[in-house]
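Heads up: the structure comes next, in structure tokens.
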Amino acid sequence: MDPKEIVKLVKDHRVDVIRMSFTDVQGTLKGLNISVSELERAMEEGIAFDGSSIEGFVRIEESDLIAMPDLDSFRLFPFDTGGLKSAVFICNVLKADGTPFESDPRRVLIRALERANSMGFEHFYVGPELEYFYFSSPNSPDVPDSAGYFDILPLDESSQAREETLSILQTLGMQMEATHHEVAAGQHEIDFRYGDALKLADQVVLAKIVVKHVARKHGLYATFMPKPIQGCNGSGMHVHQSLFTSTGNAFYSDEDVYNLSPVARKYIAGLIHYAPEMTAITNQTVNSYKRLVPGYEAPAYISWGRRNRSTLVRVPNFKKGKPNSCRIEYRAPDPACNPYLSMAVMLHAGLEGINQNMALCEPIEDNIFAMSQERKDELGIRSLPGDLLSATKKSAKSDFLKKALGPGLFNTFVANQFAEWDHYRIQVTDYELKTYLPTL
């Protein structure tokens, strides 16, 4: 967008506050508010802030950073705050000298996209599927409905909140493929129409804020916790993805039984090869691994297939005559992840598969959850890490991940993950009290 156009929109809509937003290493939206009088200066120079206060950024002795707005990310925010109208920018983080700050998660994705461009790929398209739960309050997982997959009646508070969310996201310029009720009671899904990865990562960050705002308006609490209810399906963020060159979809071939080009096969091989090392990024909380268990439509095993939803990578069917819709779906990520980092490491893994000419294993079309361990061993099917500690140990030894994230962010991320595990492992849980207290 042109700066003059932005100034006009702000004046025409009588905006009071400008939100300058970015994420920390964990994906939490951070930022600062400025007055409208500072808008033109902010667009030209950015706004300085203390980076030592942001998780994963810099030490106190090197704390000066700049939030530089991406003008194309400008949106009029759909909610009044205390009677004040606001607009929002997603910002790139710069160092005091104006050069890119390498530990900015958004910058990590930009670097991955630049690598893809250097290999002849003009676009990395993604289509995230964002799942979440509505609860009656933030204090306990009490679901406000008893509906199931694709149910549309009755029109209760949760479905009204979802439909209002969809309407607001569309006014913000986001294109949705669909929204619907998911498998578990209280669980919903928003499917984004595919687009360039940086734009879609921005949209995921903003959409999560909108979901929570609308839920509160309806007397509900929305959560992106991956597994809030034991015994029910957890929430994922499956990411559909494809690479495009100047001539079209680099993943499509009409000569392959799966319609996958050699580029696509190598890309999938890269995802499968690096899956254990990048799982701590796509599934970054202790709770994430309560979802990645057999029996709940979440991937627990490293494999690929077409119709098989027990696999880590799936190749969805698409209509004949529409080669641009040929894509792959990576099913491990959950909505608690940092979308910039997750999309970056998935892209890097696929590009490594292409660069190293990796061979793709045979697809698995049988239900892996029902297989014996002997059969899985025979087919060479490995498991994803079973908990945050296992995943972080694999990440900590990964030269691939260190290169993808950059040394500074890599070291901070790994340290944060180990710290979270240490905090978690010393907790005394209800399970322990109920199991051991009466008998020991």
If you scan the stretch 412-440, which residues turn out to be closer than 19 Å to residue 275 by Cα and free of Cβ contacts under 8 Å to residues at least 12 places away in the same chain?
-> none
Are any of the residues in the stretch 383-394 assigned to a helix (DSSP H, G or I), free of Cβ contacts under 8 Å to residues at least 40 places away in the same chain and within 30 Å of residue 264 (Cα to Cα)?
-> yes
Residues of the stretch 366-397 being basic (Lys, Arg) and either more than 15 Å from residue 302 (Cα to Cα) or at pLDDT 95 or above (or both), in sequence order, are 393, 394, 397
From 359, 300, 344, which residue is in contact with a helix residue (DSSP H, G or I) (Cβ under 8 Å, 6 or more places away or on another chain), farther than 21 Å from residue 116 by Cα, of a type outside the set (Ser, Thr, Tyr) and modelled with pLDDT of 85 or more?
-> 300
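Can you pull out the residues in the stretch 226-278 that are of a type in the set (A, V, I, L, M), in a loop (DSSP other than H, G, I, E, B) and under 20 Å from the mean Cα position of the chain (by Cα)?
Hit for the stretch 226-278 is 237, nothing else.
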Number of the exception - residue 365 against (1) buried (at least 17 other Cβ atoms within 10 Å of the Cβ); (2) not in a helix (DSSP H, G or I) | (1)
Quick count over the stretch 382-393, residues being more than 16 Å from residue 285 (Cβ to Cβ) and buried (at least 19 other Cβ atoms within 10 Å of the Cβ), is 0
When the stretch 89-106 is checked residue by residue, the ones that are under 14 Å from residue 405 (Cα atoms) and small (Gly, Ala, Ser) are 103
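Residue under question is residue 400, and the condition is that it be surrounded by 15 or more Cβ atoms within 10 Å (Cβ to Cβ), at pLDDT 95 or above, under 28 Å from the mean Cα position of the chain (by Cα) and part of a helix (DSSP H, G or I); does it hold?
Criteria met by residue 400.
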Check whether at least one residue in the stretch 281-290 is aromatic (Phe, Trp, Tyr) and in contact with a strand residue (DSSP E or B) (Cβ under 8 Å, 6 or more places away or on another chain), and report yes or no.
-> no
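Is it true that residue 269 is touching a Leu at 6+ places or on another chain (Cβ under 7 Å), buried (at least 18 other Cβ atoms within 10 Å of the Cβ), of a type in the set (Gly, Ala, Ser) and not assigned by TED's automatic domain parsing to the domain that holds residue 86?
yes
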Could you please find all residues in the stretch 308-341 being among the aromatic types (Phe, Trp, Tyr) and either at pLDDT 95 or above or part of a helix (DSSP H, G or I) (or both)?
-> 330, 340
Subset tally (residues that are assigned to a strand (DSSP E or B) and in contact with a helix residue (DSSP H, G or I) (Cβ under 8 Å, 6 or more places away or on another chain)) for the stretch 210-224 = 2
Output the residue which, of all residues in the stretch 165-187 that are within 12 Å of residue 207 (Cα to Cα) and free of Cβ contacts under 8 Å to residues at least 60 places away in the same chain, is farthest from the chain's Cα centre (by Cα).
-> 167
Residue within the stretch 223-234 that is touching a Gly at 6+ places or on another chain (Cβ under 7 Å) and assigned by TED's automatic domain parsing to the domain that holds residue 199 present = yes
Find the residue count for the stretch 190-209, including only residues that are within 16 Å of residue 234 (Cα to Cα) and either out of contact with any helix residue (DSSP H, G or I) (no Cβ under 9 Å at 6 or more places or on another chain) or modelled with pLDDT of 95 or more (or both).
-> 0
Considering residues that are within 24 Å of residue 104 (Cα to Cα), out of contact with any Pro (no Cβ under 7 Å at 6 or more places or on another chain) and in a strand (DSSP E or B), the number found within the stretch 22-36 is 7
Taking residue 289 as the residue in question, decide whether it is within 28 Å of residue 405 (Cβ to Cβ), in the same structural domain as residue 427 (by TED's automatic domain parsing) and touching a His at 6+ places or on another chain (Cβ under 9 Å).
-> no
Would you mind telling me which numbered condition in (1) in contact with a strand residue (DSSP E or B) (Cβ under 9 Å, 6 or more places away or on another chain); (2) more than 18 Å from residue 258 (Cα to Cα) residue 311 fails?
-> (2)
Selected residue [over 23 Å from the mean Cα position of the chain (by Cα) and either among the β-branched types (Val, Ile, Thr) or not in a helix (DSSP H, G or I) (or both)] from 14, 41, 19 | 14
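The values are calculated or read from the model by the stated rules, or taken from the named source; none is laboratory data. Note that the structure is a prediction, hence the values are computed from the model and not measured. Glycine also receives a Cβ, built like all others from the backbone with ideal geometry; neighbour counts cover every protein chain displayed.
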